[in-house]
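Contents: one structure, followed by commentary.
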Amino acid sequence: MNVDVKASPDHIAMAEPVDIRRIGIVGAGQMGNGIAHVCALAGLTVTIVDIKAEALTKAMATMARNMDRQVNRTVISSDDRDAALARINTSTEYAALGEADLVLEAATEKEEVKRIVYQTMMPHLKASCMVASNTSSISITRLGASTDRPEKFIGMHFMNPVPVMKLVEVIRGIATDEPTFLSVQALARKLGKITAVSEDFPAFIVNRILVPMINEAVYALYEGVGSVSAIDTSMRLGANHPMGPLELADFIGLDTCLSIMQVLYDGLSDSKYRPCPLLVKYVEAGWLGRKTGRGFYDYSQTPPRPTR
């Protein structure tokens, strides 16, 4: 009788994490450069790939500026900063990821975009390279199945801003093997993070709870229950939240909030996850929050002024 070795408890007990030393990151945006920042400070060699050269230039400037702040607060030394920045390489070519032990995809939260990234990237990776997605809501099993290595594919969802937030959600797809899971857990510890393991359900743990709350706050605005200021003040002072839900939505990006709500609505088929029509309208208008200068607040003035 044939025995499935991967399913054997003895095999799982003997599984060992892989020592990850070289990290590839796809996507030089806010999440990508934040992940690169913490990886480089942890002593890892980092290569960031983005199709836009200007995004890579901006990412390097952002990381240098954020590390300068850490130096000023004596969180790290100037030598730590200089050494970390020297460990970061950038490229517009996927071939630059050829020596990576793990590639972390931090592309936009659209499944079709991520699939194109994987199709383009996979031929350039060595056979042993693991792949993690920073997706905040999309099925890890489905994403992994679109690659040539579903057993080495896993979810590693960092929180924003990455250098500050301690949590990483770790999500196994149905095919993810034990060495990949153990390796990612060990990597998170090396980065000074704490992990929460989530089952592969739509939006995982944090966003399953957080984004519907934001959506409900948008409904309260849409229905005239309160103004932007009243809603955010109520949650800051009444629930002791550090940031009101509409201000937080602007920080996350309204397009990202809408994408997560659509994943929840489509994946769980429950009307309680229906995206608020006002959230849809803001995204259609291009009012995506801080990154576009306008969302539930207008950021062209200080302090930002509510738009409703």
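Descriptive notes on the structure:
- Checked against the criteria, R87 does not count as closer than 18 Å to L143 by Cα and touching a Ser or Thr at 6+ places or on another chain (Cβ under 6 Å).
- Scanning the range 172-203 for residues that are assigned by TED's automatic domain parsing to the domain that holds S133 and on the phi > 0 side of the Ramachandran plot returns a single hit, G192.
- Residue check, V103 touching a residue at least 24 places away in the same chain (Cβ under 8 Å), buried (at least 23 other Cβ atoms within 10 Å of the Cβ), under 16 Å from M31 (Cβ atoms) and out of contact with any strand residue (DSSP E or B) (no Cβ under 7 Å at 6 or more places or on another chain): no
- Condition met for M130 (in the same structural domain as T57 (by TED's automatic domain parsing) and without any contact (Cβ under 8 Å) to a residue 12 or more places away in the chain): no
- Condition met for A100 (of a type in the set (A, V, I, L, M) and farther than 20 Å from L187 by Cα): no
- Annotation: of all residues in the range 66-84 being among the small types (G, A, S) and either at pLDDT below 95 or assigned to a helix (DSSP H, G or I) (or both), the one that is surrounded by the most Cβ atoms within 10 Å (Cβ to Cβ) is A84.
- If the condition is being surrounded by fewer than 16 Cβ atoms within 10 Å (Cβ to Cβ) and within 15 Å of L221 (Cβ to Cβ), then the range 255-277 contributes only P277.
- Reported count of residues in the range 27-42, each being under 22 Å from R115 (Cβ atoms), part of a helix (DSSP H, G or I) and in contact with a strand residue (DSSP E or B) (Cβ under 9 Å, 6 or more places away or on another chain), is 3.
- Boolean, A13 is at pLDDT 95 or above, over 16 Å from the mean Cα position of the chain (by Cα) and outside any loop (DSSP other than H, G, I, E, B): no
- Of all residues assigned to the range 192-204, none qualifies as being in a helix (DSSP H, G or I) and among the hydroxyl-bearing types (S, T, Y).
- Residues in the range 90-100 that are assigned to a strand (DSSP E or B) and crowded, with 19+ Cβ neighbours inside 10 Å: T90 alone.
- Enumeration of residues in the range 236-254 that are without any contact (Cβ under 8 Å) to a residue 40 or more places away in the chain, surrounded by fewer than 20 Cβ atoms within 10 Å (Cβ to Cβ) and either part of a helix (DSSP H, G or I) or of a type in the set (S, T, N, Q) (or both): R236, L237, G238, N240
- From L191, L143, residue being under 20 Å from G32 (Cα atoms) and in contact with a Cys (Cβ under 8 Å, 6 or more places away or on another chain): L191
The values are calculated or read from the model by the stated rules, or taken from the named source; none is laboratory data. Quick caveat: nothing in here was measured; it's all calculated off a predicted structure. Neighbour counts are summed over all protein chains in view; Cβ atoms, including those assigned to glycine, are modelled from backbone coordinates with ideal geometry.
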